[in-house]
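Encoded as structure tokens, the structure appears first; notes follow it.
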Amino acid sequence: MAGAAPCSLRTKRLLLDPKFEGYKLSLEPLACYQLGLDAAVAEVKLRDDQYTLDHMRAFGMYNYLHLDSWNQDNVYYVDQCGRVMNLSVTLDTALQKPREVFRLPTDLTSCDNRLCASIHFSSATWVSLSDGTGRLYLIKSGKRGDSASEKWEIVFNEELGSPFIIAHSVSFVKSDTRSVAVLLLRIDKDELDTKGSGFHITLEWITIAEKSKEGNHRYKIIKRRVLQGKSVPHYAAIEPSGDGLMIVSYKPFKSLQDEDNKLEENDDSKATNEKKDPLYYWQQTDDDVTITTKIPQDITKDDIKVRFSPDNICVTLKDQPPLMEGKLYSSVDHESCTWIVRDNTSLEISLIKKNEGPRWPELILGDTRGEFVMDPSQRSEITDSLMHLTSEVLNPDPEKENPPCNAQELEECDAFLEDSASLCRFDGDTLKVTHVINLGSNQYLFSVVADPKEMPCFCLRHDVDALLWQPHSDQPDNMWEHIATFNALGYVQASKQDKKFMACAPDYSYAALCECLRRVFIYRQPTPLSTVLYNRKEGRQVGQVAKQLVATLEANDPILGFQATSERLFVLTTKTLFLIKVNTGN
């Protein structure tokens, strides 16, 4: 990431509430509606060879329900018959059965190593679709949600290699040419990775553009770029203009082209440096330094020239370039320094330190061709001097005023697997990292589309709160804007060990999470009270309160999809689609 501009996320203090008192459990009823599905959702179970945490994150925890951010009353899913089914909500109390809008041409069950089918809405009239077998469809849908004008028409259909899921896509116009950029995610076997999981994650960024030829309008791939990493990204999105890519991940992603170049450079350097023994060995005591180096058989004592000075040394053999030359780490008594040839095979040089005692970390400044050999007695002496810093027990002195660590002070919900993640922006032309943010302990929680014309927002934990960030690719000075805060949600969600999906309303009025089975938790933003309420401990009037609501679904099947709009929650199980009315419409 050399050359990348280090950045930081700037929180808006006005959006923080240091006096937030927590959520109050509300027993107010939530209207819940359900629809039985004609055919079960096309769920794909993990295979035996998909055993890593990355496989679970990418495919095992996949959200099978897709919200059309351009028309929030519409959700889509793919069923076992290969049909793309749509539910369009006009009135919650008079729901229509999901209707078929598209049928995949291929038989999904015929592919043994397929992944789940994935959908992404590139624009108000364009859809990117994968059948999970490695084939990508680009579809012109018309105005979605309107049964009269919605007609899904394939304009691009191509096999792109091994199976993938669609991570993100955007549609844009440049120079009067329509283009669609699609981000494909794969987890591939890595034969070279013998110490890790044995897999690597590939993000392939494909740009498809319209090409006119003799009056025919066809769409073709005009650009393919590949990034590779060692962990599934939490967040990956293409900028609306198609000029850049933003990724939040635990381990960094790199351009495959850059990696190839590095491998070539490494091969060249290995060819020149491979298996080279050190040019010289050196030892030291408090008083002196001894250097030993091999010399060729045809070199005699008369061919050797050693020049000492208080701060430098120079050793030459015959008329060759200097064997050793440079500034010493510290001054020596050059008049007392000597050298001798032993057995006509090695040259031994003795340097007398001018200042007795201090250890030299290196012999000649900047020279890495030598190797320091530590005397066994010195090694034992250093070990003894460090013994007081180590112990075989966690806290050898429990009566000490400040013990080194007390694990009991950490709560279980404060711990998560990944110590640190990073947010990177990649340039679309060079695939170089232009901006990077080390997120530290700001745990990634979820993403949401607040404005379909902008990039998806991402939510991070900051201390106990959850902060929502909106990327602005066209604003270099304000590339990530803090737009909303969900008080204490970072702490609350960490205690839900069975949580599967998280989401929030596009208008930030509430956040929600669901468990693997049945239960859905809703956390509303603080609202003013219609009645007077007092805090008994502090004896003051409470002006507003944040409510927590819990909905329990009448289903025994696992939850496969979860989407939030400003008015309602959509929850998808294997055979049922639930609607939970959270807010009333304006």
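Here are the numbers for this structure:
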item	result
Qualifying residue in segment 211-231 (condition: open to solvent by 10 Å² or more (accessible area, probe 1.4 Å), in a loop (DSSP other than H, G, I, E, B) and touching a residue at least 12 places away in the same chain (Cβ under 8 Å))	yes
Segment 490-523: number of residues that are surrounded by 19 or more Cβ atoms within 10 Å (Cβ to Cβ) and either in a strand (DSSP E or B) or not hydrophobic (A, V, I, L, M, F, W, C) (or both)	15
Qualifying positions in segment 82-99 - surrounded by 15 or more Cβ atoms within 10 Å (Cβ to Cβ) and either out of contact with any Phe, Trp or Tyr (no Cβ under 6 Å at 6 or more places or on another chain) or at pLDDT below 90 (or both)	Gly82, Arg83, Leu87, Ser88, Val89, Asp92, Leu95, Pro98
Strands (runs of 3 or more DSSP E) lying entirely in segment 46-144 (those with 3 or more residues that are under 21 Å from Phe578 (Cα atoms))	74-78, 83-88, 99-103
Check on Val127, under 30 Å from Gln96 (Cα atoms), of a type in the set (Val, Ile, Thr) and either in contact with a Lys or Arg (Cβ under 9 Å, 6 or more places away or on another chain) or without any contact (Cβ under 8 Å) to a residue 40 or more places away in the chain (or both)	yes
Set Pro456, Pro526: member being out of contact with any His (no Cβ under 6 Å at 6 or more places or on another chain), within 29 Å of Thr207 (Cα to Cα), modelled with pLDDT of 90 or more and surrounded by fewer than 21 Cβ atoms within 10 Å (Cβ to Cβ)	Pro456
Qualifying residue in segment 471-483 (condition: open to solvent by less than 10 Å² (accessible area, probe 1.4 Å), assigned to a strand (DSSP E or B), not polar (S, T, N, Q) and not assigned by the TED database to the domain that holds Arg225)	yes
Inter-residue pairs, beta-carbon under 8 Å, first under 13 Å from Pro361 (Cβ atoms) and in segment 371-383, second among the polar types (S, T, N, Q) and open to solvent by 70 Å² or more (accessible area, probe 1.4 Å), 6+ apart	Phe372/Gln283; Met374/Gln283
Scan of segment 55-73 for residues that are out of contact with any Leu (no Cβ under 9 Å at 6 or more places or on another chain), farther than 14 Å from Ala124 by Cβ and either free of Cβ contacts under 8 Å to residues at least 12 places away in the same chain or surrounded by fewer than 18 Cβ atoms within 10 Å (Cβ to Cβ) (or both), ordered by number	Arg57, Met61
Any hit, segment 22-43, residues being at positive phi and modelled with pLDDT under 90	yes
Subset tally (residues that are open to solvent by less than 60 Å² (accessible area, probe 1.4 Å) and free of Cβ contacts under 8 Å to residues at least 40 places away in the same chain) for segment 297-307	2
Scan of segment 151-200 for residues that are touching a Lys or Arg at 6+ places or on another chain (Cβ under 9 Å), assigned to a loop (DSSP other than H, G, I, E, B) and more than 18 Å from Tyr51 (Cβ to Cβ), ordered by number	Lys151, Trp152, Leu160, Gly161, Phe164
Unique residue being modelled with pLDDT of 95 or more and in the same structural domain as Met246 (by the TED database) when the list is Ile222, Ile166	Ile166
Residue under evaluation Leu115, criteria (1) at pLDDT below 90; (2) more than 19 Å from Phe562 (Cβ to Cβ); (3) not basic (Lys, Arg), criterion not met	(1)
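The values are calculated or read from the model by the stated rules, or taken from the named source; none is laboratory data. Note that the coordinates shown come from a computational prediction; the quantities given were computed from them, not determined experimentally. As a convention, Cβ positions derive from the backbone with ideal geometry for all residues, glycine included, and neighbour counts pool all protein chains shown. Calculation scope for accessible area: heavy atoms of the full protein, side chains included, ligands and nucleic acids excluded. Shrake-Rupley method; radii C 1.70, N 1.55, O 1.52, S 1.80 Å.
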